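A.B. asks: Questions regarding the structure given below will be posed in turn.
What follows is calculated from the coordinates using simple rules that are stated; it is not laboratory data. Just so it is clear, the model here is predicted, and its values are computed rather than measured. Cβ atoms come from the backbone with ideal geometry, glycine included; neighbour counts cover every protein chain shown.
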Amino acid sequence: MPELPEVETVVRGLCLTLPGRAIVEVRFGKTDFVDNPAEIAEHLPGARIASVTRFGKFICIGTESTAPQAAPRSQFCLIIHLGMTGQLKLMRSNESVTRHTHVFFVLDDGRELRYTDTRRFGRMLLIAESGLAEFTGRLGMEPLEIGAEEFCRYFELRRARVKALLLDQKVLRGIGNIYADESLFRARLHPARIAENMTRKQLLGLHGAVRQVLAEAIRFRGSSISDYVDSNGNRGEFQFRHRVYQREGKPCVRCRAKIKRVIVAGRSSHFCPRCQPAPRGRKRSKRGLKPSAAAKTRLNEHEK
């Protein structure tokens, strides 16, 4: 599934050409992954693309109507999630259409923004700009923006396994299996560690590792494990720099021990048993106490 670096790469590519272009026509093939396709077909033709941004794994294409100045100018956001096999590419209208292309956004310069999805696990919906804050409010913090102190507060009072928290889109938005495994390896943390049992030094190390891995993956334009390509149809290169993900049985790049795979939080997790030693057992909360009621209240208020 495309994760934050892959989606960011697609967004950066689209940002170079889409803003300012008008949508002339919208055509659909299969629509079982589209929320209310009739609404998209009604509101987007004639609209101008104002922006392309990212919220976690979601692509947000902001549009505004080109109605006369006297008329109300409606603004909508087209939200796209690529699912497991989704691709969003700019093509010339005379280029051949590949299989499993389900949505065509015809632009005023003769090109088409095409959405292709073999397995159709993606999602597409249109929301009014006024409802964007409510939509993004259901997501967690942006991993590339969250500060160290805030990161520690999110993790230090939680009894969940650290791998599960990294994958929880209501905690941090945009991280998936690839970058959770790679971040934990660089932080030398076993994926099954309980977050509240981690030291502050370990939490700060994980915060730094997450930011480092994501930034590096964006620089190499994401990981092309299966179907992922950018908006121009090019594959990423970060898959050649993976240190643990899908390297089961291969030697660790640090210590040469064999990489292992276990199931944590229902997901395959790749790790080095020597660099990322397994937790020795259940520990009590920091200072031997359960989190205070005041501390829990602060956490709950922070998450609202």
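A.B. asks: Could you sort out which of K57/K170; K57/K89; K30/K89; K57/K250 sit more than 19 Å apart by Cα distance in this structure? Please report the intermediate quantities before stating the final value.
C.D. replies: Numbers: K57/K170 12 Å; K57/K89 16 Å; K30/K89 17 Å; K57/K250 30 Å.
Over 19 Å apart, Cα to Cα: K57/K250.
A.B. asks: Tell me, what ³J(HN,Hα) does each residue in region 252-262 have, in order and in whole Hz, if you take phi through Karplus 6.51 cos²θ - 1.76 cosθ + 1.60 with θ = phi - 60° and put x for Gly and Pro?
C.D. replies: Values, residue by residue: 5, 5, 8, 10, 6, 5, 7, 5, 10, 10, 9 Hz.
A.B. asks: Work out, step by step, the length gained on full extension between D32 and E95: first 0.36 nm times the residue separation, then minus their alpha carbon distance; give nm to one decimal. All intermediate terms of the calculation are to be shown ahead of the outcome.
C.D. replies: On the way: separation 63, 0.36 × 63 = 22.68 nm, distance 2.52 nm.
The D32-E95 span can extend by a further 20.2 nm.
A.B. asks: Would you calculate, for the chain, the mean residue ellipticity at 222 nm contributed by helices, counting each DSSP H stretch of 4 or more residues as -39,500 (n - 2.57) and dividing by all residues, to the nearest 500? Could you put the intermediate results ahead of the total?
C.D. replies: On the way: 8 runs with 80 residues, N = 304.
Helices in the chain give a 222 nm mean residue ellipticity of -7500 deg cm²/dmol.
A.B. asks: Running Debye on the chain with equal point scatterers at the Cα sites and no solvent, what base-10 log of I(q)/I(0) appears at q = 0.12, 0.14 Å⁻¹?
C.D. replies: Normalising to I(0) and taking log10 leaves -0.84, -1.05.
A.B. asks: Report the semi-axes of the equivalent ellipsoid for region 194-286 in whole Å, largest first, where each axis is √(5λ) for an eigenvalue λ of the Cα gyration tensor. The partial results should precede the final answer.
C.D. replies: Values: eigenvalues 160, 59, 33 Å².
That gives 28, 17, 13 Å for the three semi-axes.
A.B. asks: Using the Cα centre of the chain as the reference point, and only Cβ charges (+1 on K/R, -1 on D/E), how large is the resulting charge dipole? Debye, rounded to the nearest 20. Don't skip to the end; give the middle numbers.
C.D. replies: Details: 54 positive and 32 negative charges, 538 e Å.
For the chain, the charge dipole is close to 2580 debye.
A.B. asks: Same structure again: Please compute the Kirkwood hydrodynamic radius over region 198-247, one decimal place, Å, based on all pairs of different Cα atoms. Mind showing how you got there, number by number?
C.D. replies: Numbers: mean 1/r = 0.0818 Å⁻¹.
Roughly 12.2 Å, rounded to one decimal.
A.B. asks: When the chain is modelled as a GNM with alpha-carbon springs shorter than 10 Å, which of A133, A209, A192 fluctuates the most?
C.D. replies: For the chain, modelled as a Gaussian network with Cα springs under 10 Å, the answer is A133.
A.B. asks: Any chance you could give the angle, 0 to 90 degrees and rounded to 10, that helix 4-15 forms with the longest Cα principal axis of the chain?
C.D. replies: Here the helix axis deviates by roughly 30 degrees.
A.B. asks: Which whole-Hz couplings ³J(HN,Hα) result when phi for each residue of region 154-161 is put into the Karplus expression 6.51 cos²θ - 1.76 cosθ + 1.60, θ = phi - 60°, listed in order with x for Gly and Pro?
C.D. replies: Each residue of region 154-161 in turn: 5, 9, 5, 10, 9, 8, 6, 6 Hz.
A.B. asks: Highest GNM mean-square fluctuation, the chain, Cα pairs closer than 10 Å: which of E95, E25, E129?
C.D. replies: Of the options given, E95 has the highest mean-square fluctuation.
A.B. asks: Can you give me the C-alpha center-to-center distance between region 1-61 and region 125-143, rounded to a whole angstrom?
C.D. replies: 15 Å
A.B. asks: Right, next: Using the Cα centre of the chain as origin and beta-carbon charges of +1 (Lys, Arg) and -1 (Asp, Glu), tell me which of H190, H100, L165 is placed farthest towards the positive end of the dipole.
C.D. replies: Of H190, H100, L165, it is H190.
A.B. asks: L16: net charge of surrounding residues, Cβ under 15 Å, Lys/Arg +1, Asp/Glu -1, itself excluded? Please list the in-between numbers first.
C.D. replies: Numbers: positive: R12, R21, R54, K89, R111, R221; negative: E8, D109, D230.
Neighbourhood net charge equals +3.
A.B. asks: Quantify how much of the Cα-Cα distance distribution of region 4-136 extends past 25 Å, in percent. Display every interim value, and only then the final one.
C.D. replies: Numbers: 1549 of 8778 pairs.
In whole percent, the share of Cα-Cα pairs in region 4-136 beyond 25 Å is 18.
A.B. asks: Once you charge only the Cβ atoms, +1 for Lys and Arg and -1 for Asp and Glu, what is the size of the charge dipole of region 1-112 about its Cα centre, to the nearest 20 debye? Please list the in-between numbers first.
C.D. replies: Working: 12 positive and 13 negative charges, 42 e Å.
That gives a dipole near 200 debye.
A.B. asks: Further question on the same structure: Provide the net charge surrounding F220, with neighbours chosen by a C-beta distance below 10 Å and charges set as Lys +1, Arg +1, Asp -1, Glu -1. If you can, show how the numbers build up before the last one.
C.D. replies: Numbers: positive: R219, R221, R241; negative: E216, E237.
My count for the surroundings of F220 gives +1.
A.B. asks: Write down the Kirkwood hydrodynamic radius of region 148-303, to one decimal in angstroms, obtained as one divided by the mean of 1/r over all alpha carbon pairs. Write down the numbers at each step before the final one.
C.D. replies: On the way: mean 1/r = 0.0606 Å⁻¹.
After inverting the mean inverse Cα-Cα distance, the result is 16.5 Å.
A.B. asks: OK, next. In angstroms, what radius of gyration and Dmax does region 81-232 have, counting Cα atoms only?
C.D. replies: Here Rg and the maximum Cα pair distance are 18.7, 58 Å.
A.B. asks: Separate question: At N232 and R267, where each label point lies 7 Å from the Cα along Cα→Cβ, what is the point-to-point distance in nanometres?
C.D. replies: Distance between label points: 3.0 nm.
A.B. asks: Quote the charge dipole size of region 148-303 about the Cα centre in Debye, to the nearest 20; the model charges only the Cβ of Lys and Arg (+1) and of Asp and Glu (-1). Show your work: numbers first, answer last.
C.D. replies: Values: 36 positive and 14 negative charges, 209 e Å.
Charge dipole, region 148-303, about its Cα centre: 1000 debye, nearest 20.
A.B. asks: Sticking with this structure for a sec: Between T118 and R254, how many nm apart are label points set 7 Å from Cα along the C-beta direction?
C.D. replies: 3.4 nm
A.B. asks: Projecting each Cα onto the charge dipole of the chain (Lys/Arg +1, Asp/Glu -1 at the beta carbon, about the Cα centre), which of L82, S268, G29 comes out farthest on the positive side?
C.D. replies: Going by the charge dipole, the pick is S268.
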